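Participant: Could you have a look at this structure, given as structure tokens, before my questions?
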Amino acid sequence: MALPIPGENGVPKNAIVHGACESWWTGNERSHCGGCHETYSSLTAFDKHRKGGQCVDPASVGLVAREKPYGTLWGNPAPEGGYAALYATNEVAA
């Protein structure tokens, strides 16, 4: 099979293609593992799946799968109450 070509056949122009496994993804913060060929939402998520220099099942270390146009993206779960809850304040304007 031929490598996906950014800008052709539904692959976005800004896609990054891994030549060994033919995976593609978008986003500069993504991390793709050359060992297990899974794609991670961040370096933090990537590091979490490596134990003792070996790849482990992403779900077994608490990462969650999100389906994207390019396949599965593994990442840390959203905080309880969603990301908006991280920045919410209970202060009342005077």
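The values are calculated or read from the model by the stated rules, or taken from the named source; none is laboratory data. Please read these numbers as outputs of a predicted model, since none were measured by experiment. Methodologically, a virtual Cβ is constructed for each residue, glycine included, from the backbone with ideal geometry; neighbour enumeration extends over all protein chains shown. Surface areas here come from the heavy atoms of the whole protein model, side chains and all, with no ligands, DNA or RNA. Shrake-Rupley method; radii C 1.70, N 1.55, O 1.52, S 1.80 Å.
Participant: With every protein chain left in place, what is the accessible area per residue of the chain in square angstrom, probe 1.4 Å?
Facilitator: Values: 6370 Å² over 94 residues.
Value for the chain: 68 Å² per residue.
Participant: Using the charge dipole of the chain (Lys, Arg: +1 at Cβ; Asp, Glu: -1 at Cβ; taken about the Cα centre), state which of 76, 46, 21 has its Cα farthest towards the positive end.
Facilitator: After comparing all options, I get 21.
Participant: Continuing with this model, one more query. Ordering 63, 3 from largest to smallest accessible area (1.4 angstrom probe), what's the sequence? Let's see the in-between values first.
Facilitator: Values: 63 5, 3 85 Å².
Of 63, 3, the descending order of accessible area is 3, 63.
Participant: Per the 1.4 Å probe, what fraction of the accessible area of the stretch 28-79, in percent, lies on carbon and sulfur atoms?
Facilitator: C and S atoms contribute 48 percent here.
Participant: So, by mean Cβ neighbours within 10 angstrom, what's the order for 18-31, 37-50 with the highest one leading?
Facilitator: Final packing ranking: 37-50, 18-31.
Participant: I would also like to ask the following. So what is the 222 nm mean residue ellipticity for the chain from helices alone, if each DSSP H run of at least 4 adds -39500 (n - 2.57) and you divide by all residues, rounding to the nearest 500 deg cm²/dmol? If you can, show how the numbers build up before the last one.
Facilitator: Numbers: 2 runs with 10 residues, N = 94.
Only helices count here, giving -2000 deg cm²/dmol.
Participant: Quick one: grab the alpha carbon gyration tensor of the chain, order the square roots of its eigenvalues as a ≥ b ≥ c, and give me rounded if a/c is under 1.5, else prolate or oblate depending on whether a/b is larger than b/c. The partial results should precede the final answer.
Facilitator: Details: a/c = 3.20, a/b = 1.57, b/c = 2.03.
The shape class here is oblate.
Participant: Another question about this same structure. To the nearest 20 debye, what charge dipole does the chain have about its Cα centre, counting +1 at the Cβ of each Lys and Arg and -1 at the Cβ of each Asp and Glu?
Facilitator: On the way: 7 positive and 9 negative charges, 32 e Å.
For this selection, approximately 160 debye.
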